[in-house]
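Step one of this worksheet: look at the structure below.
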Protein chains: 2
Amino acid sequence: MTLAALPPVPMTEIWRGPIAESLHLGHAVICGPGGEIVQAWGDPDVQVYPRSSCKMLQALPLVESGAADAAGLGPEHLALACASHNGAAIHTARVAKWVEGLGLREPDFRCGSHMPKDEEAAHALIRAYEAPCQLHNNCSGKHAGFLTLNQHLGAEPDYIEVDHPVQQACLRAFEEVTQHSSPGYGIDGCSAPNFLTTLHGMGRAMAFFANAREGADARQTAAARLRDAMIAHPDLVAGEGRACTELMRACNQPVALKTGAEAFFIAIIPGLGLGIALKVADGADRASECAIAALLVRLGVLDPEHPATRKFMNKTIRSWRGIEAGMIKPAAGLLA
Amino acid sequence: MTLAALPPVPMTEIWRGPIAESLHLGHAVICGPGGEIVQAWGDPDVQVYPRSSCKMLQALPLVESGAADAAGLGPEHLALACASHNGAAIHTARVAKWVEGLGLREPDFRCGSHMPKDEEAAHALIRAYEAPCQLHNNCSGKHAGFLTLNQHLGAEPDYIEVDHPVQQACLRAFEEVTQHSSPGYGIDGCSAPNFLTTLHGMGRAMAFFANAREGADARQTAAARLRDAMIAHPDLVAGEGRACTELMRACNQPVALKTGAEAFFIAIIPGLGLGIALKVADGADRASECAIAALLVRLGVLDPEHPATRKFMNKTIRSWRGIEAGMIKPAAGLLA
């Protein structure tokens with residue numbers, strides 16, 4: 001375990017009555033066009049798993065290799081490849097059609113199954129006494145991308161093994177764009193490897209995506225296409241009610257947002273040429289959602305009075321009878 | 001906001017691959033028969049809401065007033081009064097019958113409604129296109145206790161108001177047993193006031209419950225009856241699969257355990273005359289469940305190899321395909 005050299009700092013406070021009942025600490029970086037740190041909170045060198053926040057990095061080989069074009073993938077597919085979706089019909093139907101087009105079936109996925117977050121989809125399964133399938137997995141779009149790349153490469157079916165050509169291609173892209181040699185990996189919830197980097201490495205990568213220009217070179221073209229696909233389809237990247245979707249829609253300019261498990265969050269802001277990466281040390285989503293909204297407000301790309309901002313940055317905590325009991329608030333240091 | 005004078009210390013680590021991906025900090029005290037601190041982690045003087053961990057304190061007036069006996073309540077009712085239950089049939093049926101016996105109905109509750117945690121009960125509601133009712137609220141047993149006391153006192157129906165005789169009786173008992181004047185309150189999830197105290201205050205209160213003897217005086221008798229009711233009915237205090245229930249069953253001697261929202265946890269250990277109170281600073285249940293198990297192992301009342309201990313203290317993290325990805329572990333300082 002590599003301990004952070006600089007301790008995490010207050011990010012999100014959970015108020016109830018006269019006191020902050022709980023407190024979330026974390027690390028964050030904002031990086032500029034050259035990958036330089038514009039501002040940092042906590043330790044930029046802390047080792048992190050970006051988890052699903054790096055799906056756009058994992059999708060680079062899909063586009064760069066020509067596999068995406070060969071399979072006729074459009075912006076909706078690319079947005080789904082970068083998504084942690086709700087498993088709503090708009091997500092699962094598109095992923096199902098995508099892999100059907102490849103001549104593949106649900107058992108070809110290696111992501112495993114879980115109940116969809118989308119309430120309508122979950123209730124439909126419960127009422128039908130049906131178990132969820134791998135299409136419902138929030139990572140099924142990423143895995144459809146892996147399957148597409150794998151078919152293009154003609155490699156073995158277990159595309160989630162760390163030494164498989166698909167994952168090795170992901171690792172190369174990941175290391176090149178983070179500009180950091182990954183010291184190891186963990187197994188993600190979807191069973192694919194998730195590579196270690198530093199928070200600064202992820203901030204650098206997000207700044208690269210923010211500044212990538214289509215036509216500049218193969219990598220920049222791929223990054224710009226993925227970024228713009230995310231921005232064009234906030235509903236596919238997460239789903240109704242989710243922070244990524246609602247905050248992307250609320251921003252006053254094109255911004256790509258992506259959450260990751262254990263309270264990772266990134267932002268790609270092309271208009272400012274900036275990338276953000278943050279990690280709440282304890283892994284709580286309520287805190288990372290509040291913190292990313294606060295940083296977007298700080299940078300002027302999100303109106304603090306927008307209903308979506310208030311929902312995630314200053315969420316009112318209510319009792320089960322609707323009585324106001326407290327509030328989720330960003331720590332003063334994020335906004336000041 | 002009163003900041004802790006001593007910072008919270010590492011309590012629970014979330015490992016994935018070669019690193020601890022997330023870390024939970026917190027405060028804990030173990031108190032002896034006189035309320036003295038036997039051991040402390042972090043700041044014993046930190047201000048806390050004990051949330052549902054103080055339900056046995058909120059139930060003291062119910063028993064002491066004679067209301068419980070007048071209504072013919074037995075150990076099952078008292079366990080439910082101290083419960084944050086799953087809303088399974090074993091809970092809701094008992095609470096429904098209890099208030100029916102008082103001549104009251106579901107709308108007399110003031111706790112609000114939420115979906116039951118019990119999967120069978122939740123799925124039955126979804127399949128019937130039915131909304132949950134207030135009986136499903138995890139606090140419905142506590143509220144049945146409030147209703148019983150309120151009927152006994154002949155007071156107004158809005159028993160959750162802070163100046164209502166029911167809540168004022170709770171406050172008096174709370175302050176006397178914590179030996180701390182409460183500086184304020186917050187609104188709990190069930191809309192009742194939850195009074196502030198210090199972690200040491202809650203530890204003192206739990207040590208009082210551990211050492212209370214039936215017959216000594218009215219308060220000790222009430223405390224002993226509530227404690228023994230919890231110990232006799234671990235399935236009513238929480239439910240199948242829950243940490244309170246499974247760890248109480250796993251202990252090698254009678255122990256009462258009770259979780260509270262925002263990662264509070266208490267233990268009452270009559271055989272050792274000890275009380276424990278802990279609060280994970282960020283409010284994560286996975287961390288408080290691991291930490292309380294670690295302290296019970298430390299005190300020798302829980303076998304580290306028991307399946308329930310391993311489930312909460314050393315839980316294996318798996319991918320959706322069942323691949324081992326990491327582990328939840330207590331920080332070294334809790335066990336050493």
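Rule-based calculations on the coordinates, nothing more; no lab input. Since the model is a prediction, treat every value here as computed from it, not as a measurement. Quick reminder, even Gly has a Cβ in these numbers, built from the backbone with ideal geometry, and neighbours come from all protein chains shown.
Summary table below
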quantity	calculated
Listed residues B:Ile14, B:Ile269, B:Ile292, most fluctuating in chain B (Gaussian network, C-alpha, under 10 Å)	B:Ile14
Out-of-range pairs (alpha-carbon distance over 25 Å; input A:Lys55/A:Lys315; A:Lys258/B:Lys117; A:Lys329/B:Lys142; A:Lys315/B:Lys279)	A:Lys55/A:Lys315; A:Lys258/B:Lys117; A:Lys329/B:Lys142
Cα-centre dipole for the protein assembly as shown with unit charges at Cβ (Lys and Arg positive, Asp and Glu negative), debye to 20	120 debye
Dipole moment magnitude, nearest 20 debye, the stretch A:273-313 about Cα centre, only Lys, Arg, Asp, Glu C-beta charged	20 debye
Dipole of the protein assembly as shown [Lys/Arg +1, Asp/Glu -1 at C-beta], most positive-end residue of A:Phe109, B:Leu60, B:Trp320	B:Leu60
Cα pair distances exceeding 33 angstrom across chain B, given as percent	23 percent
Debye intensity ratio in log₁₀ form over the Cα atoms of the stretch A:207-249, taken at each q of 0.17, 0.19, 0.23, 0.34 Å⁻¹	-0.49, -0.57, -0.71, -1.03
P(r) of the stretch B:180-336 over all Cα-Cα pairs, binned every 5 Å from zero, in whole percent	2, 9, 16, 21, 21, 15, 9, 4, 2, 1, 0, 0
Unit charges at the beta carbon, dipole of the protein assembly as shown: most positive-side option, A:Gln253, A:Ala5, B:Ser288	A:Ala5
Positive-end residue of B:Thr198, B:Asn138, A:Ala223, charge dipole of the protein assembly as shown with Cβ unit charges	B:Thr198
Within chain B: Cβ-based charge dipole about Cα centre, in debye rounded to nearest 20 (Lys, Arg +1; Asp, Glu -1)	720 debye
Cysteines in chain B lacking a second Cys C-beta under 4.7 Å	B:Cys31, B:Cys54, B:Cys82, B:Cys133, B:Cys170, B:Cys244, B:Cys251, B:Cys290
Summed side-chain charge close to A:Trp15 - residues other than A:Trp15 whose Cβ falls under 12 Å, Lys, Arg +1, Asp, Glu -1	-1
Part-to-part distance (alpha-carbon centres) for the stretch B:22-47 and the stretch A:1-80, which is given in Å	34 Å
